[in-house]
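For reference, the structure discussed in these notes is given below.
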Amino acid sequence: MLRIGIDLGGTKIAAGLVDENRVLGPSIQEPTGLPRPAGELAEAIYHLAYRLLKEQGLTFQDVESVGIGIPGTVNKETDCIEYANNFVFENVPFLKMLKELFPCPVYGENDAKAAAWGEYLAGAGRGSRSMTAVTLGTGVGGGIILNGKILEGHNGAAGELGHMVIHQNGRPCTCGRRGCLEAYASATALVSRAKEAMEHCETSMLWNLCGRNLSEVNGRIIFEASKKGDPTACEVLDSFTEDLSDGIANIINILQPEVLCIGGGLSGAGEALLAPVREKTAPKIYSRASEKNTRIVLAELGNGAGIIGAACLNEQMSKN
Ligand SMILES: [Zn+2]
């Protein structure tokens with residue numbers, strides 16, 4: 001039977017149909033339109049799901065459940081969003097509102113955990129028992145799947161992999177601490193690091209690639225300049241992957257997952273990112289002499305992971 005997956009983001013809401021084989025079918029999206037009161041946002045999500053079904057000639061009777069990935073801390077006992085930075089939600093009973101609107105079961109999860117669940121079931125983690133996802137985007141997101149279940153922690157806030165400190169007294173992080181992995185290894189951090197390096201090197205190829213406009217610097221051109229041998233880009237990527245590998249080695253040493261999956265916008269760089277990360281992580285792994293070591297791979301589902309994972313949240317619940 002079909003399930004609806006909803007990926008609620010700060011800029012857009014995406015809804016898609018996912019079948020029993022965890023394959024994503026038709027999907028639609030609309031702007032989130034923040035700032036917006038929680039009740040109105042819940043109704044917009046309901047109407048988007050309704051429209052998705054209607055366009056396919058379906059109704060809620062054709063749907064088993066609805067799952068939603070939310071960028072915040074989801075308390076499944078109270079159906080509240082304890083904290084969601086983008087939405088200015090603090091202890092808002094958002095899941096409760098959604099449950100009252102939809103005529104079928106509604107499951108909610110933090111968006112990074114939902115996307116990790118999608119990759120685990122239908123993407124890079126398919127067939128494994130444990131997987132950790134590290135997502136390199138605006139921040140560094142994470143999701144930990146152990147023995148077929150999402151690791152929640154006793155309050156639902158486990159898996160904030162981006163907020164492990166890798167440089168004491170280092171760069172300030174959005175969480176209020178200094179030196180977090182997120183401050184060094186997010187896509188945003190990579191761009192800031194490249195801009196800083198460019199200011200010290202007027203001859204860098206990056207200046208041409210961004211049309212001499214610093215606001216045009218992005219991950220893609222940094223990888224492009226590095227591929228062409230630009231020393232500034234190469235140095236930036238070298239220290240970026242060194243920092244990322246510290247974070248990844250820490251994760252592996254603690255959890256020893258079967259698969260560690262790197263996702264987010266930067267994973268589009270493919271081998272240019274994966275090869276140096278693998279090479280720099282290997283010597284830092286405590287179990288490096290073991291026959292069984294974590295496979296470090298790229299995410300496979302792209303933006304679909306969030307919708308697929310949200311839709312498949314009913315499978316996680318059935319395992320509890
Ligand atoms: Zn932090």
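The values are calculated or read from the model by the stated rules, or taken from the named source; none is laboratory data. Remember, predicted model here, so these are calculated numbers, not experimental data. Using ideal geometry, Cβ is built from the backbone for each residue, glycine included, and neighbour counts are taken over all protein chains shown. These accessible areas exclude ligands, DNA and RNA; they are computed on the full protein's heavy atoms, side chains included. Shrake-Rupley method; radii C 1.70, N 1.55, O 1.52, S 1.80 Å.
How many residues does segment 182-195 hold that are part of a helix (DSSP H, G or I), open to solvent by less than 40 Å² (accessible area, probe 1.4 Å) and more than 8 Å from the ligand (Cβ to nearest atom)? Explain how you work it out, then say what you get.
Start the filter on segment 182-195 by keeping residues that are part of a helix (DSSP H, G or I), which leaves 182-185, 187-195.
Imposing the further condition that a residue be open to solvent by less than 40 Å² (accessible area, probe 1.4 Å) reduces the set to 182-185, 187, 189-191, 193-194.
When the remaining residues are screened for being more than 8 Å from the ligand (Cβ to nearest atom), the result is 184-185, 187, 189-191, 193-194.
Residues flagged as part of a helix (DSSP H, G or I), open to solvent by less than 40 Å² (accessible area, probe 1.4 Å) and more than 8 Å from the ligand (Cβ to nearest atom) within segment 182-195 amount to 8.
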If we keep only residues of segment 255-302 that are more than 24 Å from G137 (Cβ to Cβ) and among the hydroxyl-bearing types (S, T, Y), then the residue farthest from the chain's Cα centre (by Cα) is S290
Selection count, segment 146-174, where residues are outside any helix (DSSP H, G or I), touching a Gly at 6+ places or on another chain (Cβ under 9 Å) and not small (G, A, S): 14
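Name the strands (runs of 3 or more DSSP E) wholly within segment 52-142 that hold at least 1 residues that are outside the structural domain of E258 (by TED's automatic domain parsing), within 23 Å of P257 (Cβ to Cβ) and open to solvent by less than 10 Å² (accessible area, probe 1.4 Å)?
Working: elements: 63-70, 73-75, 80-84, 89-92, 106-110, 131-136.
Here the list reads 63-70, 73-75, 106-110.
Could you run through segment 201-226 and say how many residues are part of a loop (DSSP other than H, G, I, E, B) and surrounded by fewer than 19 Cβ atoms within 10 Å (Cβ to Cβ)? It would help to see each step written out before you state the result.
Start the filter on segment 201-226 by keeping residues that are part of a loop (DSSP other than H, G, I, E, B), which leaves 201-204, 210-213, 217-218.
When the remaining residues are screened for being surrounded by fewer than 19 Cβ atoms within 10 Å (Cβ to Cβ), the result is 201-203, 211-213, 218.
The qualifying residues number 7.
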Which residues, taken from segment 46-99, are in contact (Cβ under 8 Å) with a residue 40 or more places away in the chain, among the acidic types (D, E) and in contact with a Phe, Trp or Tyr (Cβ under 9 Å, 6 or more places away or on another chain)? E82
Looking only at residues that are within 14 Å of the ligand (Cβ to nearest atom) and at positive phi in segment 133-181, which one is farthest from the chain's Cα centre (by Cα)? N169
